[in-house]
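Report on the structure given below.
The values are calculated or read from the model by the stated rules, or taken from the named source; none is laboratory data. What you see is a predicted model; the values in this text were computed from it and never measured. When we count neighbours, we look across all protein chains shown, and the Cβ atoms used for this are built from the backbone with ideal geometry, even at glycine.
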Amino acid sequence: MYSIIVHGGVGRIPPEKEEATIAGVRSAVLAGQSVLKGGGSSMDAVELAISVMEDDPTFNAGTGSVLTFDGEVEMDAAMAHGPTLSFGAVTGIRNIRHPIALARMVMEKTDHVLLQGAGAQEFARMMGIPAHNPVTEERRMQWRDYRERFLRGDAGDWPKLRALMREHPEFLHGTVGAVAIDEQGEVVAGTSTGGVFLKLLGRVGDTPLPGAGTYATGFGGASSTGIGEGMMRTLITKTACDFMRLGLDAQGAASGAVSMVDNTIGTQAGIIVVDCRGSVGFANNTGRLAHAYVTSEMDEPRVGI
Ligand code: GLY
């Protein structure tokens, strides 16, 4: 028995990007499934599924990440292994192709949980990871446009980040994530992102923080997407895992965790979940969550946006 679910971000998807988004999450889940089907681990499946989306400029992760206010790409990624509560993450990483692979190396090759900025960069160099420029021309053009509008005052003030995102949902692009359970019953969750457009240099989002953007326990795992500041304040993935510990299945935990966000601070949120019995769940409060999932009981993945 195995299951895997992936997401490609929450919020508005421009009509011209719908086809590429559907194709992207489908390719990612099929890549993850190929690992699980062959008896591979959920760790390998999650890493591969996320790597596929990091290579796809449709998504805001790896190549195609959004730019900071200063025009840089600073990426965050994390991986969580449920049975051991192990967690590895990087934040503010630049110029590499697969931040999710580096996050996994933090978990497997160091005694730490989270490496940031220059230290994460040095660790990547030590691990022999080659430099890669993740900035695409499309993102550079969007950055110029958004920055200009922001400086003209169209987009509100920085302290009003929530209002800014509500007014301009196009600022929020697709973080990516995957959660899987393998034949051994091990649940792993992973998430990777460029963050949010026009973020200040050094801003850390929810993705690399345990219990915020990414979490897994012996009861299940979860990866979230949305405005990171909201996920950090509500610990949405830890909440979903707690719901599973109390007996809810993956869908109940996903719906309950998003309701909790709605009933408290109401920021944009989406989540994917797998429980230790292999069922999958997903929920969001924006009406749109690019996702795909497949289990050993299914002939074909289900895909939705
Ligand atoms: N959820 C991605 C971020 O806010 O960084």
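Side notes on the structure shown:
- Matching residues in region 105-136 - criterion: being out of contact with any helix residue (DSSP H, G or I) (no Cβ under 8 Å at 6 or more places or on another chain), farther than 19 Å from G202 by Cβ and buried (at least 19 other Cβ atoms within 10 Å of the Cβ): M107
- Residue in region 27-50 that is within 28 Å of G266 (Cα to Cα) and in a helix (DSSP H, G or I) present: yes
- Here region 197-206 is the region considered, the condition is being within 13 Å of the ligand (Cβ to nearest atom) and not charged (D, E, K, R), and the residue that is farthest from S34 (Cα to Cα) is L200.
- R139 falls short on exactly one of the conditions (1) surrounded by 18 or more Cβ atoms within 10 Å (Cβ to Cβ); (2) more than 24 Å from L289 (Cα to Cα); (3) in contact (Cβ under 8 Å) with a residue 60 or more places away in the chain, and that condition is (2).
- Some residue of region 207-226 being part of a loop (DSSP other than H, G, I, E, B), under 20 Å from V6 (Cα atoms) and away from the ligand (no atom under 16 Å from the Cβ): yes
- Restricting L102, L67 to those that are crowded, with 19+ Cβ neighbours inside 10 Å, closer than 25 Å to W143 by Cβ, away from the ligand (no atom under 16 Å from the Cβ) and of a type in the set (A, V, I, L, M) reduces the list to L102.
- Comparison of A89, A31, A77 shows that the only residue that is touching a residue at least 12 places away in the same chain (Cβ under 8 Å), away from the ligand (no atom under 16 Å from the Cβ) and in contact with a Leu (Cβ under 9 Å, 6 or more places away or on another chain) is A31.
- Being out of contact with any helix residue (DSSP H, G or I) (no Cβ under 8 Å at 6 or more places or on another chain) and over 25 Å from G278 (Cβ atoms) holds for only one residue in K238, K199, and it is K199.
- Cβ pairs under 9 Å, 6+ apart, first in region 267-295 and among the basic types (K, R), second modelled with pLDDT under 95: R288/G9; R288/V10; R288/G11; R288/R12; R288/I13; R288/I305
- The set of residues in region 214-240 that are under 15 Å from M79 (Cα atoms) and either β-branched (V, I, T) or in contact with a Ser or Thr (Cβ under 6 Å, 6 or more places away or on another chain) (or both) comprises T214, Y215, T217, A222, S223, S224, T225, T237.
- Top-ranked residue of region 186-196 - restricted to ones that are part of a loop (DSSP other than H, G, I, E, B) and in contact with a Lys or Arg (Cβ under 9 Å, 6 or more places away or on another chain), ranked as farthest from the ligand (Cβ to nearest atom): G194
- Sole exception among (1) modelled with pLDDT under 95; (2) surrounded by fewer than 20 Cβ atoms within 10 Å (Cβ to Cβ) for N60, by number: (2)
- Filtering region 241-266 to residues that are closer than 19 Å to V187 by Cβ and either in contact with a His (Cβ under 6 Å, 6 or more places away or on another chain) or among the aliphatic types (A, V, I, L, M) (or both) leaves M244, L246, L248, A250, A253, A254, A257.
- A163 at negative phi and either within 15 Å of the ligand (Cβ to nearest atom) or modelled with pLDDT of 95 or more (or both): no
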